[in-house]
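Read the structure below first, then the notes.
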């Protein structure tokens, strides 16, 4: 029994003498660009958007119900990443995932019915690119007497045919088309950022 205890003490002292810091590999952190953040990540949990259907007058309110910030680490680097959940009263709920790697940054929107919309920011050209969606940049959009500057329109073949993001505001317009509902255009009438 004395020998087992002596061997145990030997291993314990050997383990405490090891420097575990020698085995920790520092991975470079790759942050999102300010351009991507200004369109997609600035609204915090509790931010509220109120829309009106331009045809029927129906009101749809959307709240940022959850926002988490982190990074994905299964690569030689750690890329900044956000996961934002949107809950709506009239239109479909969705999730936005904004992430980065060494070459590009990506914003993906996942809808409750399993469809998605995506746009990328190319770091080399410093411009938006579209892997699966059409997009265009618009200098300004006037909705109900309010002028929104630097608007990014993203179009896809999904329930939200088009989403219009205004820089530092969020989604200002949602064109909705579905088998279950008539075509609708929901325009932003008020918002509160948290």
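Brief remarks follow.
- Residue count for the range 147-165 satisfying the condition of being modelled with pLDDT of 85 or more, over 16 Å from the mean Cα position of the chain (by Cα) and surrounded by 14 or more Cβ atoms within 10 Å (Cβ to Cβ): 3.
- Wholly enclosed strands (runs of 3 or more DSSP E) of the range 55-130 bearing at least 3 residues closer than 16 Å to residue 152 by Cβ and either out of contact with any strand residue (DSSP E or B) (no Cβ under 6 Å at 6 or more places or on another chain) or at pLDDT 80 or above (or both): 104-111, 116-122
- Among the residues of the range 33-54, those that are more than 14 Å from residue 88 (Cβ to Cβ), surrounded by fewer than 18 Cβ atoms within 10 Å (Cβ to Cβ) and touching a strand residue (DSSP E or B) at 6+ places or on another chain (Cβ under 7 Å) comprise 33, 35, 44, 45, 46, 54.
- Residue under evaluation residue 91, criteria (1) more than 14 Å from residue 170 (Cα to Cα); (2) surrounded by 13 or more Cβ atoms within 10 Å (Cβ to Cβ); (3) under 14 Å from the mean Cα position of the chain (by Cα), criterion not met: (3)
- Every test in (1) farther than 17 Å from residue 164 by Cβ; (2) in a loop (DSSP other than H, G, I, E, B); (3) at pLDDT below 90 is passed by residue 42 save one, and that test is (1).
- Residue in the range 22-31 that is exposed (fewer than 13 other Cβ atoms within 10 Å of the Cβ), modelled with pLDDT under 90 and part of a strand (DSSP E or B) present: yes
The values are calculated or read from the model by the stated rules, or taken from the named source; none is laboratory data. As the structure is a prediction and not an experimental result, all values here were calculated from the model. Please note: Cβ atoms are built from the backbone with ideal geometry, for glycine as well, and neighbour counts cover all protein chains shown.
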